[in-house]
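Enquirer: To start, I am sharing the structure in question, which I have written as structure tokens.
Computed from the coordinates by the stated procedures, all read-outs in this text should not be read as laboratory data. It should be emphasised that the depicted structure is a prediction, and the values quoted were computed from it without experimental measurement. Methodologically, a virtual Cβ is constructed for each residue, glycine included, from the backbone with ideal geometry; neighbour enumeration extends over all protein chains shown.
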Amino acid sequence: MTKLTSQTHPRKSATFDDYTLSEIRRAAATGIYDIRGGGAKRPLPGLDDLLFLGASMSRYPLEGYRENCGTDVVLGTRFAKNPLRLKIPITIAGMSFGSLSAQAKEALGRGATIAGTSTTTGDGGMTPEERGQSEMLIYQYLPSRYGMNPDDLRKADAIEVVVGQGAKPGGGGMLLGLKISERVAEMRNLPQGIDQRSACRHPDWTGPDDLEIKISELREITDWEKPIFIKIGGARPYYDTALSVKAGADVIVIDGMQGGTAATQEVFIEHVGQPTLACIRPAVKALQELGMHRKVQLIVSGGIRNGADVAKALALGADAVSIGTAALVALGDNDPELEEEYQKLGTTAGAYDDWHEGRDPAGISTQDPELSKRLDPVLAGRRLANYLKVMTLEAQTIARSCGKSHVHNLEPEDLVALTVEAAAMAQVPLSGTDWIPGKNHD
Amino acid sequence: MEILDLKKIGVRGVNSILHDLSQDSRQNFEIQNPQGQHSIACGLDAPLIVEIKGHVGFYCGGMNKFAKITITGHAGVGLAENMMSGNIRVTGNASESAGATAHGGLLVIEGNASSRCGISMKGVDIVVGGSVGHMSGFMAQSGNLVICGDAGEALGDSIYETKIFVRGEVSGLGTDCIEKEMTPEHFSKLSELLESSGLKADPADFRRYGSARKLYNFDIDNADAY
């Protein structure tokens, strides 16, 4: 052993870093894996690894604050009688009442409505607060079918069949008994206080051939009025997108591994599925090969944070994006103003992810009546609307700089990548070169 | 009774007629030539009486409310899935996932039901004249599942509060499913269900199965069961 002197510096292992060591100690002490909310936290190739080129000699920019740059998007044009018409290409992802408080769900509806976009239910059914405050509400059709009923199905503006999600492709869910209030239990037809398992497979169909029949049933029940989305986790984006088209989707939502969850195993979040960046181009390729790009709309989600992310996803071929974690932050989740309370929970603002425990001091991921009351749905909804507005303005700023009169006119040719990995995933040139990994060079 | 010929007007035509009726409508319909088509008479929302003369495909009577539907023939996957109320009867056999996630009403299968009968059921009563396949009653939450014949492997796996009554043999019980005592209350409920279904069987011949409730809250010591 070398004696520590002023000339040496103790070296920590890159393999056994501080977090890894703490996880080994935690596992040894508790005998159970870590469960948490949110999405992947590890560094991943992402949209930050892309840059827009902007206008130059060969591209003509549009004037900021003067020339129009459209942001509207229509979802569900393939089969539905009543497609969704959004003012902005940013939707609110599905998050359940149960994992979130009724106040949080109401705030999401309020914010989305002010911004001219849609919000989405989650496992556990539709609440009157959310329906009442959401001008456009997408009703998730999940394996558990908790709260599923034809009346709410008909009240919805669209239906989203959830096959998987980015945080846990192939995984179900567990809402711990701590959060099963009387109301949540009643909506799910289960006893109060027990852990409620959300199934990982749908109970009455297996595979895309069955799903096609299931979707036709949902269309029959709702008289072919509602757009039907299929949400898939970022596992096999090329094939899953193609099969979703085959199954009859109007809209496909692809959710990368940065996408959040209310609760699942840390090992699942960090080690199953693909980064959002890696999912977009294969999904777009599948749509293009089937002649369905822009006919079946593609929504990308998983770690979307700002207008640059929105613009990059659209440039790679998406029609819209969806946000979950970022929307919760806009409502007030992980706010440094609550640092003292986060400290009491053994964490810190920005790192709080024990959403399943129901002790959220921000009143968002909780069913505790006292904590829930802390969230003012009107004020929080306004904050979300502001945030959505900023994201939209940012995306427009970038689009104008690339000479586009609509954000949907952004294209891969507007982008370069900062890393070889990102260049390969996004299929755009590495910055400073004309090299796209995987593409043949003459 | 109004005749709807599915061969002429298709599934969409049949369902449009049935959906366009007011919620207090009590009309009678006979659907002819169902041809094994899917999604027939799904999403009904009125106390109609609907008789389907022939075999049906997937999801017949799905999400039914109030209507009484009789299928003279066999039924495909997901018969009466997510039914809320009303009464659905099939005179033949039913394929997989009959009564899946159904919240209410009565589903009667006079013949056999395939695997996953009553999966995730949430309050419906299901009476099967014959036998059921494997994984029936998987994650069943509430309601009653009556099986006059035999049950396949893993009956009631991960069951919550549904009560399962079986007259014949059980190939095997699923995780956290155990045999339970038949109390007078259970005999009474079983008798009522058998009478409602019109199936003849002696309640004294049945055994009851339900949840051991050992997996209701996650416990690492139960890891072998998960």
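Enquirer: Which percent of the Cα-Cα distances in segment B:82-165 go past 20 Å?
Expert: 15
Enquirer: Could you let me know the centre-to-centre spacing of segment A:1-79 and segment A:262-307, using Cα atoms, in angstrom?
Expert: After rounding, the separation between the Cα centres reads 16 Å.
Enquirer: Hey, another quick one. So what J values fall out for segment A:328-344 if you push phi through Karplus, 6.51 cos²θ - 1.76 cosθ + 1.60 with θ = phi - 60°, rounded to Hz, Gly and Pro as x?
Expert: 5, 4, 4, 5, x, 5, 6, 6, x, 4, 9, 3, 4, 6, 5, 4, 5
Enquirer: B:Asp219 to A:Asp18: FRET efficiency via 1/(1 + (r/R0)^6), r the Cβ-Cβ distance, R0 35 Å, to the nearest 0.05?
Expert: Given R0 = 35 Å and the Cβ-Cβ separation, E is 0.70.
Enquirer: What Kirkwood Rh does chain B have if only Cα atoms enter the pairwise 1/r average? Answer in Å.
Expert: 17.5
Enquirer: How large is Rg over Rh for segment A:149-241, taking Rg from the Cα atoms and Rh as the Kirkwood inverse mean of 1/r across Cα pairs? Spell out each step's value before the answer.
Expert: On the way: Rg = 15.3 Å, Rh = 15.1 Å.
My calculation of the ratio gives 1.01.
Enquirer: Sticking with the crude label model, points 7 Å out along Cα→Cβ, report the distance from A:Thr8 to A:Glu270 in nm, one decimal please.
Expert: In this crude spin-label approximation the distance works out to 2.9 nm.
Enquirer: In the structure shown, do any of A:Lys214/A:Lys246; A:Lys81/A:Lys155; A:Lys231/A:Lys404; A:Lys155/A:Lys295; B:Lys122/B:Lys200 have a Cα-Cα gap over 21 Å, and if so which?
Expert: A:Lys231/A:Lys404; A:Lys155/A:Lys295; B:Lys122/B:Lys200
Enquirer: Tell me, what are the semi-axes, in whole angstrom and largest first, of the equivalent ellipsoid of segment B:102-216 as set by the roots of 5 times the Cα gyration tensor eigenvalues?
Expert: Details: eigenvalues 68, 43, 37 Å².
So the three semi-axes of segment B:102-216 are 18, 15, 14 Å.
Enquirer: Calculate the all-directions average of the projected area of segment A:1-95's alpha-carbon convex hull, and give it in nm².
Expert: Approximately 16.6 nm², given one-decimal rounding.
Enquirer: Here is a follow-up. Mind listing the long-range amide H neighbours of A:Ser322? Cut-off is under 5 Å, sequence gap 5 or more, other chains count too, H placed in the peptide plane at 1.01 Å from N.
Expert: Counting only residues 5 or more places away or on other chains, the set is A:Thr91, A:Val300, A:Ser301, A:Gly302.
Enquirer: Let me test this: with uniform point scatterers at the alpha carbons of segment A:215-299, what is the Debye-based log₁₀ I(q)/I(0) at q = 0.13, 0.16, 0.21 1/Å?
Expert: The Debye formula, applied to the Cα set alone, gives -0.45, -0.65, -0.93.
Enquirer: How high is the FRET efficiency between A:Arg66 and A:Lys439 when r is their beta carbon distance and R₀ equals 56 Å, given to the nearest 0.05? Don't jump to the answer; show the numbers that get you there.
Expert: Values: r = 38 Å, r/R0 = 0.68.
Result of the calculation: an efficiency of 0.90.
Enquirer: Which value in deg cm²/dmol, rounded to the nearest 500, describes the helix-derived mean residue ellipticity at 222 nm for the protein assembly as shown, given -39,500 (n - 2.57) per DSSP H run of n ≥ 4 and division by the residue count?
Expert: Counting only the DSSP helices, I get -8000 deg cm²/dmol.
Enquirer: A follow-up question, please. Between B:Ile71 and residues 5 or more places away or on another chain, which pairs have amide H atoms under 5 Å apart, with H built 1.01 Å from N, and which residues are they?
Expert: B:Ile52, B:Arg89, B:Val90, B:Thr91
Enquirer: Taking the Cα-to-Cβ direction at A:Arg85 and at A:Glu341 and moving 7 Å from each Cα, how far apart do the two end points lie in nm?
Expert: Placing both labels 7 Å beyond Cα along the Cβ direction yields 4.1 nm.
Enquirer: In the Gaussian network model of chain B, springs joining C-alpha atoms below 10 Å, which of B:Leu199, B:Leu106, B:Leu145 carries the largest mean-square fluctuation?
Expert: B:Leu199
Enquirer: Take the alpha-carbon centre of segment A:339-355, take the same for segment A:151-180, and report the distance between them in whole Å.
Expert: Value for the Cα centre distance between the two parts: 26 Å.
Enquirer: Just want the ordering: B:Tyr59, A:Tyr19, from fewest to most Cβ atoms lying within 10 Å of their own Cβ.
Expert: In order of increasing Cβ crowding within 10 Å: A:Tyr19, B:Tyr59.
Enquirer: Checking the a/c ratio against 1.5 first, then a/b against b/c, what shape does the Cα gyration tensor give for segment A:48-155?
Expert: Cα axes put segment A:48-155 in the prolate bin.
Enquirer: Sticking with this structure for a sec: Each residue of segment A:296-311 in turn: what ³J(HN,Hα) in whole Hz from Karplus with 6.51, -1.76, 1.60 and θ = phi - 60°, glycine and Pro shown as x?
Expert: With coefficients 6.51, -1.76 and 1.60, one gets 9, 6, 10, 10, 10, 9, x, x, 6, 10, 8, x, 5, 4, 4, 4 Hz.
Enquirer: Past 31 Å, Cα to Cα, is the threshold; run A:Lys373/B:Lys163; B:Lys7/B:Lys68; A:Lys105/A:Lys389 against it and keep the listed order.
Expert: Going by Cα-Cα distance, A:Lys373/B:Lys163 fall outside the 31 Å limit.
Enquirer: Checking the a/c ratio against 1.5 first, then a/b against b/c, what shape does the Cα gyration tensor give for chain A?
Expert: rounded
Enquirer: For segment A:289-442, compute Rh as the Kirkwood radius over C-alpha pairs and then the Stokes-Einstein diffusion coefficient at 10 °C and 1.306 mPa s; write the answer in µm²/s, rounded to an integer. Write down the numbers at each step before the final one.
Expert: Working: Rh = 18.1 Å.
Approximately 88 µm²/s, per Stokes-Einstein.
Enquirer: Sticking with this one: Count the net charge of all other residues whose Cβ sits under 12 Å from the Cβ of A:Ile24, scoring Lys and Arg as +1 and Asp and Glu as -1. Write down the numbers at each step before the final one.
Expert: Numbers: positive: A:Arg25, A:Arg26; negative: A:Asp17, A:Asp18, A:Glu23, A:Asp34.
Within the 12 Å Cβ shell, the charges total -2.
Enquirer: Rg over Rh of segment B:1-59, using C-alpha atoms and the Kirkwood radius, what does it come to? Kindly include the intermediate steps, with their values, before the conclusion.
Expert: Details: Rg = 10.5 Å, Rh = 11.3 Å.
Rg divided by Rh gives 0.93.
Enquirer: A follow-up question, please. Between segment B:111-133 and segment B:47-108, how far is it from one alpha carbon centroid to the other, in angstrom?
Expert: 11
Enquirer: Follow-up question, since we're still on this one. log₁₀ I(q)/I(0) of segment A:188-240 at q = 0.23, 0.28 Å⁻¹, via Debye over equal Cα point scatterers, no solvent, to two decimals?
Expert: Result of the Debye calculation: -1.02, -1.14.
Enquirer: Right, another one. Once amide H atoms are placed 1.01 Å from N in the peptide plane, what residues at a sequence separation of 5 or more from A:Gly164, or on another chain, have their amide H within under 5 Å of its amide H?
Expert: Distant-sequence amide H within range of A:Gly164: A:Lys231, A:Ile232, A:Gly233.
Enquirer: Enumerate the calculated ³J(HN,Hα) couplings along segment B:207-216 in order (Karplus 6.51 cos²θ - 1.76 cosθ + 1.60, θ = phi - 60°), each rounded to whole Hz, writing x wherever the residue is Gly or Pro.
Expert: After applying 6.51 cos²θ - 1.76 cosθ + 1.60, I find 10, 10, 10, x, 7, 6, 6, 7, 9, 5 Hz.
Enquirer: Among B:Met121, A:Met257, rank each residue by its count of other Cβ atoms within 10 Å, from fewest to most, as a rough exposure measure.
Expert: Fewest to most other Cβ atoms nearby, the residues stand as A:Met257, B:Met121.
Enquirer: While we're on this one: Would you order A:His408, A:His293 from fewest to most other beta-carbon atoms within 10 Å of each residue's own beta-carbon?
Expert: Lowest count first: A:His293, A:His408.
Enquirer: At 7 Å along Cα-to-Cβ for each site, give me the label-to-label distance between B:Gln27 and A:Thr30 in nm.
Expert: Going by the 7 Å Cα→Cβ label model, 6.0 nm.
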